[in-house]
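Engineer: Take a look at the following structure, please.
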Amino acid sequence: MLYHVVILSGDEANPVTTHVLVNAVDGSVFRTEKEERKRENPEFLYERRREPINGGVLNGKAISMPLPDYPEIAKQAKASGAVTVQITIDETGHVIEARAVSGHPLLQAAAVAAARQSVFTPTKLSGEPVQVSGALVYNFVAQ
């Protein structure tokens, strides 16, 4: 009686399969065959979920981009200027991540809250919807 042992090694692009026939009585190796293959076009390496593509400044690409509320404390401090929010948009066009990267600290939370409510046309790459990262810039004018 022989056992058939299959050993998988290598990586996804260059898999190696080793077949070993082992004697069930004494554990001696009866036969070993090694099979190596290089995959020419390993499409499976490109998972459906990719890193977001960079879309730059996305203000003009929004379907809906609500204006941020001007916080009362920021008004009292006469805080103004641009706040840049780095965002990631999912395959359906909705913001899934937002964080302020520059601007007055009293204005950042309002800008991030507005950015999270923005909606975009889904971006497609080779016909497949993809995630996009980029920036939204909000300008606050002291009142």
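Engineer: For the chain, set up a Gaussian network in which alpha carbons nearer than 10 Å are linked by springs, and say which option among 110, 24, 62 fluctuates the most.
Structural biologist: Most flexible of the set in this elastic network: 24.
Engineer: Counting other Cβ atoms within 10 Å, which trypsin sites (Lys or Arg not before Pro) in region 55-143 have at most 14 and lie in a DSSP loop?
Structural biologist: Listed in order of number, the matching sites are 78.
Engineer: Given an 8 Å cut-off on Cα distances and at least 6 residues of separation, report the relative contact order of region 53-140 as a percent. List each step's numbers first, then the result.
Structural biologist: Values: 199 pairs, mean separation 38.4, N = 88.
Across region 53-140, relative contact order equals 44 percent.
Engineer: What is the fewest-to-most order of 95, 83, 22 by other Cβ atoms lying within 10 Å of their Cβ?
Structural biologist: By the 10 Å Cβ count, ascending: 22, 95, 83.
Engineer: Right, another one. Using θ = phi - 60° and the Karplus curve 6.51 cos²θ - 1.76 cosθ + 1.60, what whole-Hz ³J(HN,Hα) does each residue of region 129-138 get, with Gly and Pro shown as x?
Structural biologist: x, 9, 7, 10, 10, x, 10, 10, 10, 10
Engineer: Counting other beta carbons within 10 Å of each Cβ, put 26, 11, 69, 90 in order, fewest first.
Structural biologist: The order, fewest Cβ neighbours first, is 26, 11, 69, 90.
Engineer: While we're here: Looking at (i) 27; (ii) 54; (iii) 48, which value of percent of Cα pairs over 25 Å apart comes from a calculation on the structure shown?
Structural biologist: Comparing each candidate, only (ii) matches the computed number.
Engineer: Once label points are set 7 Å from the Cα along Cα→Cβ at both residue 1 and residue 57, what is their separation, rounded to one decimal in nm?
Structural biologist: Spacing of the two 7 Å Cα→Cβ label points: 7.5 nm.
Engineer: A further question follows. So how tilted is helix 105-116 from the main axis of the chain? Cα-based, degrees 0 to 90, rounded to 10.
Structural biologist: 60
Engineer: Just going by the charge dipole of the chain, with Lys and Arg at +1 and Asp and Glu at -1 on Cβ, which of 88, 142, 117 is farthest out on the positive end?
Structural biologist: Checking the options against the dipole of the chain, the answer is 142.
Engineer: Given DSSP loops and a limit of at most 14 other Cβ atoms within 10 Å, what is the longest stretch of the chain that contains no such GluC sites (Glu not before Pro)? The partial results should precede the final answer.
Structural biologist: Numbers: sites that count: 12, 40, 47.
After excluding every exposed loop site, the longest remaining stretch is 48-143.
Engineer: For 102, 80, 64, what's the fewest-to-most ordering of other Cβ within 10 Å of each Cβ?
Structural biologist: The fewest-first ordering by Cβ neighbours comes to 64, 102, 80.
Engineer: Can you list the HN-Hα couplings for region 82-91, worked out from phi with the Karplus curve (6.51, -1.76, 1.60; θ = phi - 60°), rounded to whole Hz and with x for Gly and Pro?
Structural biologist: 8, 10, 9, 10, 7, 10, 10, 10, 7, 5
Each reported figure results from applying straightforward, stated rules to the coordinates on display, with no laboratory input. Because the structure is a prediction, the values reported are computed rather than measured. Don't worry about glycine lacking a Cβ; one is built from the backbone with ideal geometry, like all the others, and counts go over all protein chains shown.
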